[in-house]
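In what follows, a structure is listed as structure tokens, so that the remarks can point back to it.
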Amino acid sequence: MARVWADTEKTFDRFADLRRIGIDEISYKRHHKYLTVVVDHDSGRLVWAAPGRDTKTLRRFFDALGAQRCAQITHVSADAADWIADVVAQRCPAAIRCADPFHVVAWATEALDVERRRAWNDARALARTEPTWGRGRPGKDTAPRPGREHARKLKGARYALWKNPEDLTERQNAKLAWIAKTDTRLYRAYLLKEGLRHVFSVKGEEGKQALDKWTSWARRCRIPVFVELAGRIVRHRVAIDATLDHGLSQGLIESTNTKIRLLTRIAFGFRSPDALIALAMLALGGHRPALPGRINHPRISQ
């Protein structure tokens, strides 16, 4: 596999016309074995992959690219990993770095889940102070135990809080309505999560104005985890604004990662990352290997 890819690579310049790229990592094996992958946003091709996920690994890509072509890179999409941001700033200082919207909204989802667990733990603490029932069924005159009931309902509210409003079932809508009545702080955290998601649905200048309002609201919300998130958003504001302006996301590279995982499953795993990289480049690099006795025709765009 590696030999076929080495022969194929000699027939074309895989770094030609690179302008907008996406960078991400993917786990290809247990025990924290990762590949760093680079995708061309304009052609949709996988252009480079190597084992590792650190600054040293990513510098190898820019070394292969060369200083002249590094200067031609205009946009780079990635998550908020510092090892990517630092290398991009060093090697492509003129490139616009775009933060992935999915990862930014995921920060809010994680903050919401922290708040949900806080509310659940508070309800459990209240339940421990309530009288316990004796053996058998409780009688009609037995005092209710609201803390235990509240904790039980909150435990099953995770998906109602995580899902987008348009995807909620009738039962999950009822669960949200119950949270709005019984735990206003948790419901406020849910609205903050949805507010951040709305920012990326409108985009452009309207999205930036919506993000300004969201940041002001999060700073005043009196929910510590969202106050902290507001500071994180401010620190990454330049990359987030670039995303709102240019509309780049990691959707393409996540699709590429999914196909690489499929190749790994079909092959029942790989002993060496070199074989996986060679197969991924042949399958996703946009170029066919030369077959003996056959004429290679260029791919036809449909």
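For the residues 228, 170, the requirement of being closer than 17 Å to residue 107 by Cβ and surrounded by fewer than 16 Cβ atoms within 10 Å (Cβ to Cβ) singles out 228. Taken over region 264-293, residues that are over 11 Å from residue 9 (Cα atoms) and part of a helix (DSSP H, G or I) amount to 12. Taking each residue of region 242-268 that is small (Gly, Ala, Ser) and looking for partners that are surrounded by fewer than 17 Cβ atoms within 10 Å (Cβ to Cβ) and outside any helix (DSSP H, G or I) with beta-carbon atoms closer than 9 Å, six or more apart or interchain, yields 247/203; 255/44. Note on region 198-214: among residues that are surrounded by fewer than 18 Cβ atoms within 10 Å (Cβ to Cβ) and at pLDDT 95 or above, the one that is farthest from residue 159 (Cα to Cα) is 205. On the stretch given as region 41-87, residues that are in contact (Cβ under 8 Å) with a residue 60 or more places away in the chain and either in contact with a helix residue (DSSP H, G or I) (Cβ under 7 Å, 6 or more places away or on another chain) or within 27 Å of residue 10 (Cα to Cα) (or both) total 14.
Just so you know, in region 155-169 the residues that are aliphatic (A, V, I, L, M) and assigned to a loop (DSSP other than H, G, I, E, B) include one that is farthest from residue 229 (Cα to Cα), and it is 168.
Scanning region 1-31 for residues being of a type outside the set (Lys, Arg), assigned to a loop (DSSP other than H, G, I, E, B) and at pLDDT 85 or above gives a total of 4.
Among the helices (runs of 4 or more DSSP H) lying completely within region 170-258, list those that include at least 3 residues that are assigned by TED's automatic domain parsing to the domain that holds residue 112 and under 18 Å from the mean Cα position of the chain (by Cα). If you could, list the steps in order and put the result at the bottom.
Numbers: elements: 170-182, 184-202, 204-220, 224-235, 237-246.
Once the helices (runs of 4 or more DSSP H) in region 170-258 are filtered for at least 3 residues that are assigned by TED's automatic domain parsing to the domain that holds residue 112 and under 18 Å from the mean Cα position of the chain (by Cα), what remains is 184-202, 224-235, 237-246.
Does residue 174 satisfy being hydrophobic (A, V, I, L, M, F, W, C), out of contact with any Ser or Thr (no Cβ under 6 Å at 6 or more places or on another chain) and modelled with pLDDT of 75 or more? It is true that residue 174 is hydrophobic (A, V, I, L, M, F, W, C), out of contact with any Ser or Thr (no Cβ under 6 Å at 6 or more places or on another chain) and modelled with pLDDT of 75 or more. Within region 27-40, the set of residues being surrounded by fewer than 21 Cβ atoms within 10 Å (Cβ to Cβ) and more than 15 Å from residue 55 (Cα to Cα) comprises 27, 29, 30, 31, 32, 33. Counting only residues that are over 17 Å from residue 120 (Cβ atoms) and polar (S, T, N, Q), region 179-215 holds 3 of them.
The values are calculated or read from the model by the stated rules, or taken from the named source; none is laboratory data. This one's a predicted model, so the numbers in the text were calculated from it and none came from an experiment. Positions of Cβ are backbone-derived with ideal geometry, glycine not excepted, and every protein chain shown enters the neighbour counts.
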